[in-house]
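The structure appears right after this line, and notes come after that.
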Amino acid sequence: MSDRHLARHPRSHGWLRAALALFAFGLSQLPTAALTPVVASAPLPAVDAAAPEAAAPSLPDVAVGGPAPAAVVEAPAVWHGHIGKLANVRSGPQRTAPVVGEVQPGTPVRVLRWVAGDMIEQDNPTWAEIAAGQFVYGMLLQPDPLPAPQPRSDAPTSGKWIAVDTINQIATAYEGARPVHSTYVSTGRPGWETPLGTWHILRRVERETMDGTTLGTQGPGGVGATYHVENVRWTQYFTADGSAIHENYWRDPATFGVPGSHGCIGMSSSEAAWFWQWADVGTLIVVSAN
């Protein structure tokens, strides 16, 4: 109601004039700070406002100490370790496939699966798929430090037996449930997978020449293999068609823990000697993918 409206009704609104005058007098007595207007702060951004999108980082061919690509970290992994040597990441398991990145030594990786591809080293076509459509040559990888072996509540015997884990590439000697010794190994590569199951050592050969022609129709294409290696020591066969634990002296010791054999369980010379001295014909071997 305006003052002009009140002036037209002097008798009926005299009480209201008095009230307004009293109210105005009261305001004049307040401290100055009480009348200071509140300055509104700048509005907060909406929670769902789209921030400027940062450019996606390129996949490192191997970035030293850098985080692994999200797809590698979050995808179910079958093997984990790190890059041992500077590595190209390619779109396929071939040396001619486009390079999509580079990975520096020490970078953590998880392998989704092992695949056969081009042979960068003689007679070794093992490649690792570290993310969907991203491949690194297998011999450029190394496992993490060997974990301490754990007791087994599911021990198949109270005596000596050997557990071979083809996922983590570890062989462990047990006496009943108690672990005695473990080591990284190299089991069968793609197309030459080490047979899973429960086996026994059938025969042992302290030193021999190994020849791929003895594998007959095994392997990809059913044409056997072409290797010829002399002075292989401490061979312990556990299948009739040639799968065995044995010394693999021609392999880079840093790459035990990565598959690469023709189905055997390859070990360093010292580890093969240890298992030779500890085991015997009839020792149980359990090969599993877990």
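No lab work stands behind these numbers, since they all come straight from the coordinates. Predicted model, so just to flag it, every value in this text is computed and none were measured. Counting neighbours? That spans all protein chains shown, and the Cβs are built from the backbone with ideal geometry, glycine included.
Structural descriptor for the stretch 70-143: relative contact order 36 percent, calculated from alpha carbon pairs under 8 angstrom and at least 6 residues apart. Under a no-solvent Debye model with one identical scatterer per Cα of the stretch 160-288, what's log10 I(q)/I(0) at q = 0.20, 0.22 Å⁻¹? Per q value, in the given order, log10 I(q)/I(0) is -1.18, -1.46. Residues of the stretch 91-134 falling in the label zone of E193, defined by backbone nitrogen less than 13 Å from a point 7 Å along Cα to beta-carbon, are 113-116.
In plain terms, the residue of W274, W234 with the fewest other Cβ atoms within 10 Å comes first and the most crowded comes last, giving W274, W234.
Taken about its Cα centre, the stretch 160-288 carries a charge dipole of about 160 debye when Lys and Arg each add +1 at the Cβ and Asp and Glu each add -1 at the Cβ. Modelled spin-label separation between R207 and V229, with each label point placed 7 Å from Cα along the Cα-to-Cβ direction: 1.7 nm.
When S153, S268 are sorted by how many other C-beta atoms sit within 10 angstrom of their C-beta, beginning with the fewest, the order is S153, S268.
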